[in-house]
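See structure below.
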Amino acid sequence: MNLAGLLDRSRTHTTARVTEIDITGKRRDLTHAELTELAHDRARQLTAAGVRPGHLIGIRASNGLDWLAWDLAALVTGARLKAFADTTEIPDPGDFIAEHRLALLIADVPPTAPAVVRPDGAPEPDVVPPTATVVETDDIHSLVYSSGTSGRLKGLEISGRGTEYVINRFVAAFGVTARDRHLIFLPLANYQQRLSVYLCLWLGADLVLAPYQRVFQAVRTERPTFLIGPPVFYDTALQLSTKGQGAGSLGDFLGGHIRFLITGMAPIRRDTLDAFWAQGVPLLEAYGLTETGMVAWNSPGEHRVGTVGRLIDPDAVTFLDDGELVINRPAPLGRGYFDTDGDPAAAEVFKADGTILTGDYGRLDEDGFLTLIGRKKDVIALGSGRKVHPAEIEAAFTGIEGVSEIVVVATPQSNRLGAIVTATDPADPLLHGRIEQRIEETNATLDAHERVMSLVFSATPLRSDPAFMTANMKLSRDRAAAHFAAAVKEESAADGAAAPADSGAGR
């Protein structure tokens, strides 16, 4: 696959389709050839508006055929798309255009500036403002915003060569062909989704865009052969399928045509993985970052449940003494940051020699499968000076009967570990007691600094609660720790006691 030849290839696909489903369920679809022609029409409009190679075109819009058409039109003209999340606030479009030095802004906002265009509209001639910047680096394909390896939102330059590299490796590993049908429900502003778009357009595979609010209706009616989603999607799919067991198997619930599913973005519960595999639905963990592209994946022909798979480029990956993964490959997906908002951690990610620090700790097993231990920013430093990886501690407790989820945090005094536990039956107080006993038993097998000494029970899993998730669908451990501290404080007040939070398991 190569971006320069993408539209020449997609215009030959006269039967493959791209379908858009909006929030109301209304459908609109085009063949690849029709979408390509629309993109060329938009490209001619961009040129007439004054857009030149290297100009930035901002887009803040919901997923749809128009989003794709503008993306492809930018590729035709040599402009760079700058993608903003659809939650980005634009109080004054003119100021926004000037601030980001855009040639045009594609967005559903009042057209208070000449360079503002609705997603289904067309720009007027010669409206590019004099403030528009030109990106002269040939290999920059797009600009996106990502939480990055340090967790703060920042801009990231996307490489064209890195894009082609990831897609070509994915096609080879997963055997995707024109017979496949792919469903996207995450925002196109998330660059991973655009990789999937280019993949389908190159191969002539069907593509469906559906909003997350309608994804479970869409997955049954559109019958995809593969999709990519965060752990919360698969947890929810399993729960809904279990509730409607009379309607068929998990595979039937997901449309009946699934060849494979991919999860990443955050750790997934082992129970969820096992449940999918037990019902004959391959759920494959993968690992990558927007900075680097994919690092490791399980594939249909080579997988090990509980790991994120084999390294894609073993020679490009090394480990620091503390276990952090370091990547140095010829074509990484990201070229560097912009708009870092003074984040000092951002300067430590991209090194001058091409090395990229991932901020993730991991280890390889004897067969070369990678297991992630945790995030560098999530390490808990205890008052004793010892450091622990919360994900590694959680793994020691996840096999306890009756535990649906466990999230390890520091206690408010930061000298011991606590945990937020969701039971499989939150309404059963006796189950809470049995869980406390099993946690005490497991504690006895751990070093003193690894023991969970205080518990808070939650009626719902935090990893399925939007209030505890980041914008890229990962658990916010800071919010979890704050919730734990508040719950302990409330319990202490209710008991009329001033006992410290880490006075013992069960508190």
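None of the figures in this text is laboratory data; all of them are computed from the coordinates on show. On a predicted model such as this, the values are computed, not experimentally measured, just so you know. Note that each Cβ is placed from the backbone with ideal geometry, even for glycine, and that neighbours are counted across all protein chains shown.
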Summing +1 per Lys or Arg and -1 per Asp or Glu among the other residues with Cβ less than 12 Å from Val135's Cβ gives +1
Dipole in debye (nearest 20) - the chain, about Cα centre, beta carbon charges: Lys, Arg +1; Asp, Glu -1: 760 debye
Relative contact order (percent, whole number), region 356-469, Cα cutoff 8 Å, 6+ residue spacing: 20 percent
Give me the angle, in degrees from 0 to 90, between the Cα long axis of helix 477-495 and the longest principal axis of the Cα atoms of the chain, rounded to the nearest 10. 40 degrees
Report the calculated FRET efficiency for Thr242 and Thr47 (r = Cβ-Cβ distance, R0 = 60 Å), to the nearest 0.05. 0.65
What do you get when you divide the Cα radius of gyration of region 232-366 by 2.2 N^0.38 Å, with N the number of residues? 1.27
If the viscosity is 1.002 mPa s and the temperature 20 °C, what translational diffusion coefficient in µm²/s does Stokes-Einstein give for the chain when Rh comes from Kirkwood over Cα pairs? 88 µm²/s
What's the Kirkwood radius of region 310-410 in Å, using all Cα pairs? 15.9 Å
Looking at the chain, how many pairs of lysines come closer than 30 Å at the Cα, when each pair is eight or more places apart or spans two chains? 26
Starting from the eigenvalues of the Cα gyration tensor, five times each then square-rooted, give me the equivalent ellipsoid semi-axes of region 118-216, largest first, whole Å. 27, 19, 17
As a test of the formula, what do you get for the chain when each DSSP H run with n ≥ 4 contributes -39,500 (n - 2.57) and the sum is divided by the residue count, at 222 nm and rounded to the nearest 500 deg cm²/dmol? -9000 deg cm²/dmol
Say each of Thr398 and Arg270 gets a label point 7 Å from the Cα, pointing the same way as Cα to Cβ; how far apart are those two points in nm? 0.7 nm
Between helix 65-77 and the chain: long-axis angle, C-alpha atoms, 0 to 90°, nearest 10: 60 degrees
Give me His303, His40 sorted ascending by neighbouring Cβ count inside 10 Å, so fewest comes first. His40, His303
What share of all Cα pairs of region 399-485, in percent, falls into each consecutive 5 Å distance bin? 3, 15, 25, 23, 20, 12, 3, 0
Alpha-carbon centroid distance for the pair region 233-309 / region 433-463, whole angstrom: 27 Å
For region 335-383, size of Cβ-based charge dipole, Lys and Arg +1, Asp and Glu -1, in debye: 100 debye
Rounded to the nearest 10, the angle in degrees between the Cα long axis of helix 231-243 and the longest principal axis of the Cα atoms of the chain comes to 70 degrees
Between Thr137 and Asp252, Cβ-based FRET efficiency (R0 41 Å, step 0.05) works out to 0.25
Under unit Cβ charges (Lys, Arg +1; Asp, Glu -1), what dipole magnitude, rounded to 20 debye, does region 32-131 have relative to its Cα centre? 380 debye
How do Glu348, Glu222 line up, fewest other C-beta atoms within 10 Å first? Glu348, Glu222
Mind checking which of Thr290, Gly383, Phe226 is farthest towards the positive end of the chain's charge dipole, using Cβ charges of +1 (Lys, Arg) and -1 (Asp, Glu) about the Cα centre? Phe226
For the residues Lys82, Lys489, Lys474, Lys26, what sequence is obtained by ranking on other C-beta atoms within 10 Å, fewest first? Lys26, Lys489, Lys474, Lys82
Translational D in µm²/s for region 15-151 (Stokes-Einstein at 4 °C, 1.567 mPa s, Kirkwood Rh from C-alpha pairs): 84 µm²/s
